[in-house]
Amino acid sequence: MVPSEKIDTSQETMLTRLPLRIRKKKKTEETILLVAKQLFRERGYARVTVPEIADEANVSVKTVFNYFGSKEELAFREEVQFCDQLILHILSRKQNQSIFDAFQNFIWTLIQSIDPDQLIESLPGFHPWMDDPALEQRYLLLWENYEKRITDALQLEFGKNEFDPVLRVIACQMVSILKTLGSKDFKVYLTPIPGALRYRALEKWTLRSLDLVSGIRNHLSN
């Protein structure tokens, strides 16, 4: 996931239309998150405490917990937002576009948005602090939640009132691409490739991976 620390023009315009109280709360939340990310990046997840985050953000510890339920939530907030973006992209696709094609478009847009000079660090899930052993179980749970949420979205899309295991398998195949992109193994795979060829290797892998899961297209066509 390639979350930006800058707010784009459309988001900024939308925020200025909100009541002042809501804008202040949003600004406080963003500040806490940015400070936490910076500290995690500099020192590692385990070496940062919530009181330190609060102090750097000029808020109380209580305020931090008013916005974020735990330190883990701070570490994974962007990944949750990323899943929201993926689901929104699928459900708001063009009328003549299949769900698989919308997913494919989302992946390519993601890949193309990555800065080639910071390729490894910018890949989904490659925040340095996520290598911390303390986050391993939470990281695995993240992908399980992705699979469940995408399944729920697909069931809603197809009017399914009960759990459909086929849709869960389809969701798992979609998530498998993101999960691999965010894995330590994939980072190790890319690292020895010369910088000038690394982006091309990523594109080639993405193309092959999308082709491998393209069989779900017939199950997701309108």
Among Ile193, Leu207, Ser113, which residue has its Cα furthest toward the positive end of the charge dipole of the chain, with +1 on Lys/Arg Cβ and -1 on Asp/Glu Cβ?
Ser113
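GluC sites (Glu not before Pro), restricted to segment 103-212: which are DSSP loop and have at most 13 other Cβ atoms within 10 Å?
Details: sites: Glu121, Glu136, Glu144, Glu147, Glu157, Glu162, Glu203; in loops: Glu162.
Here the sparse-neighbourhood loop sites are Glu162.
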Give the separation of the Cα centroids, segment 172-218 to segment 71-100, in Å.
18 Å
With a 27 Å threshold on alpha-carbon distance, the violating pairs from Lys37/Lys187; Lys26/Lys62; Lys25/Lys179; Lys24/Lys71; Lys71/Lys187 are Lys25/Lys179
If you count only protein heavy atoms and use a 1.4 Å probe, how large is the accessible surface of Lys24, to the nearest 10 Å²?
130 Å²
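Given a Förster distance of 30 angstrom, what is the FRET efficiency for Arg217 paired with Gln81, based on the Cβ-Cβ distance and rounded to 0.05?
Working: r = 27 Å, r/R0 = 0.90.
Efficiency computed from Cβ-Cβ geometry: 0.65.
Ranked from the most accessible area to the least, with a 1.4 Å probe and all protein chains present, what is the order of Trp129, Trp205?
Values: Trp129 10, Trp205 50 Å².
So, going from the largest accessible area down, we get Trp205, Trp129.
Please calculate how many Å² of accessible area the chain carries per residue, with a 1.4 Å probe and no DNA, RNA or ligand atoms counted.
Values: 12940 Å² over 222 residues.
Counting only protein heavy atoms, the per-residue value for the chain is 58 Å².
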Quick one: how many Å² of Val61 are accessible to a 1.4 Å probe, rounded to 10?
60 Å²
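Suppose every Lys and Arg Cβ carries +1 and every Asp and Glu Cβ carries -1, with no other charges. What dipole size does segment 100-149 come out with about its Cα centre, to the nearest 20 debye? Before the final figure, lay out each step's value.
Numbers: 3 positive and 9 negative charges, 54 e Å.
In total the dipole reaches around 260 debye.
Run the dipole for the chain about the Cα centre, Lys and Arg Cβ at +1, Asp and Glu Cβ at -1, nothing else charged, and hand back the magnitude in debye, nearest 20. Walk me through the numbers before you get to the answer.
Working: 30 positive and 30 negative charges, 82 e Å.
Dipole size: approximately 400 debye.
Per DSSP helix of 4 or more residues, -39500 (n - 2.57); summed, then divided by the residues of the chain. What does that give at 222 nm, rounded to the nearest 500?
Working: 11 runs with 150 residues, N = 222.
Roughly -21500 deg cm²/dmol at 222 nm, from the helical runs in the chain.
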Report the semi-axes of the equivalent ellipsoid for the chain in whole Å, largest first, where each axis is √(5λ) for an eigenvalue λ of the Cα gyration tensor.
31, 23, 17
Counting only protein heavy atoms with a 1.4 Å probe and every protein chain in place, the carbon and sulfur fraction of the accessible surface of the chain in whole percent equals 52 percent
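The values are calculated or read from the model by the stated rules, or taken from the named source; none is laboratory data. Predicted model only: the values in this text are computed from it and were never measured. Cβ: placed from backbone, ideal geometry, glycine included. Neighbour counts: every protein chain shown. We work out accessible area using only protein heavy atoms, side chains counted, and drop any ligands, DNA or RNA first. Shrake-Rupley method; radii C 1.70, N 1.55, O 1.52, S 1.80 Å.
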